[in-house]
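All of the numbers you see were taken from the coordinates with simple rules; none came from a lab. Keep in mind that this is a model prediction, so the values were computed, not measured. Every residue, glycine among them, receives a Cβ derived from its backbone with ideal geometry; neighbour counts consider all protein chains shown.
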Amino acid sequence: MSGAHFAFTDRWGGGSAVPYEELNLGGAVGDDPEVVRNNRASAARTLGLAPDRVVWMNQVHGRDVAVVDGPWAGDGAEGHEVPAVDAVVTTRRGLALAVLTADCTPVLLADPVAGVVAAAHAGRPGLVAGVVPAAVAAMVSLGAEPGRMVARTGPAVCGRCYEVPAAMRDEVAAVVPEAFAETSWGTPAVDVVAGVHAQLAAAGVVDARRSPVCTLESGDHFSYRRDRVTGRLAGYVWLGSPRTERGGSTDD
């Protein structure tokens, strides 16, 4: 898709020590803030982005959306310098939006014709709260059209691994029926990725692709459910034509 760029990181190529090794991009997980800043700068440069032109979020599993035209005053490496939101939207070319995950679903959206992009953090609570429809609505308010939007969801825990109590599954499925799932060992589960894609489809977004990676199953990715104390992956979306180099993955 001309002009729209998407990227998702794995855990390799950074400077974080155990248990955050190596490319931890999360600033509120106990890692050394200076190492996190260096990791973020390195990841940005690898993608051809200026490190100071990336917008991070203080994610709280809600549905609030912020429209931004530049990074926050703080760099976000310690998690508390930025507002508590779970989606960001911009019309600024060359400004990258980033979402942090370690099992939750990172959702990247773009309407290159309107020049609008968004990044959203969809865990189980955010799925139920409707953060993805809220992000789509914010894009529409800026001139985007759902039928033109391109959506990409990155590595996340799959429905066959995300075990939950039966009552919790029922609560989620009452809001998003497509999230009803069962683990590979036969117990109740929630499929957040399936739920997100159902919400995208309901909003009119038809060009939506998902990563095949389950974070809990992949040793190349961080997983909170598997390791508890661990790092965070990042998904990036931006408009423009930066160079891409070795590391991460991109789709334009």
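HN-Hα J couplings of region 117-130 from phi, Karplus 6.51/-1.76/1.60, θ = phi - 60°, integer Hz, Gly and Pro as x?
Result, rounded to whole Hz: 10, 8, 10, 9, 10, 10, x, 4, x, x, 4, 5, 5, x.
For the chain, what's the relative contact order in percent, using C-alpha pairs closer than 8 Å and at least 6 residues apart?
28 percent
In nanometres, what is the gap between the two model label sites at D64 and D170, each 7 Å from Cα along Cα-to-Cβ?
3.3 nm
Could you give the length gained on full extension between R45 and S141, defined as 0.36 nm per residue of separation minus the Cα-Cα distance, in nm?
Full extension of this stretch gives 31.4 nm more.
Stretched out fully, how many nm does the piece from D220 to A114 gain, at 0.36 nm a residue minus the Cα gap?
34.6 nm
Lone cysteines in the chain, going by a 4.7 Å Cβ-Cβ cut-off?
Among the cysteines of the chain, those whose Cβ sits 4.7 Å or more from every other are C104, C161.
Quick check on the chain: helices-only [θ] at 222 nm, where DSSP H runs of length 4 and up contribute -39,500 (n - 2.57) each and the sum goes over total residues. Nearest 500, please.
-6500 deg cm²/dmol
Assign one of three labels to region 9-150, namely rounded, prolate or oblate, based on the Cα gyration tensor with a ≥ b ≥ c the square roots of its eigenvalues; rounded applies when a/c is under 1.5, prolate when it is not and a/b is larger than b/c, and oblate otherwise.
prolate
How large is ³J(HN,Hα) for each residue in region 180-193, as worked out from phi by the Karplus curve 6.51 cos²θ - 1.76 cosθ + 1.60 (θ = phi - 60°), to whole Hz, x for Gly and Pro?
4, 8, 9, 5, 5, 9, x, 10, x, 8, 10, 9, 5, 4
Counting DSSP beta bridges with both partners in region 4-237, what percentage is antiparallel, nearest 5?
Restricted to region 4-237, the bridges split so that about 70 percent are antiparallel.
Got a sec to turn the phi values of region 200-207 into Karplus ³J(HN,Hα) couplings, 6.51 cos²θ - 1.76 cosθ + 1.60 with θ = phi - 60°, whole Hz, x for Gly and Pro?
Rounded to whole hertz, the list is 4, 4, 5, 7, x, 8, 9, 8.
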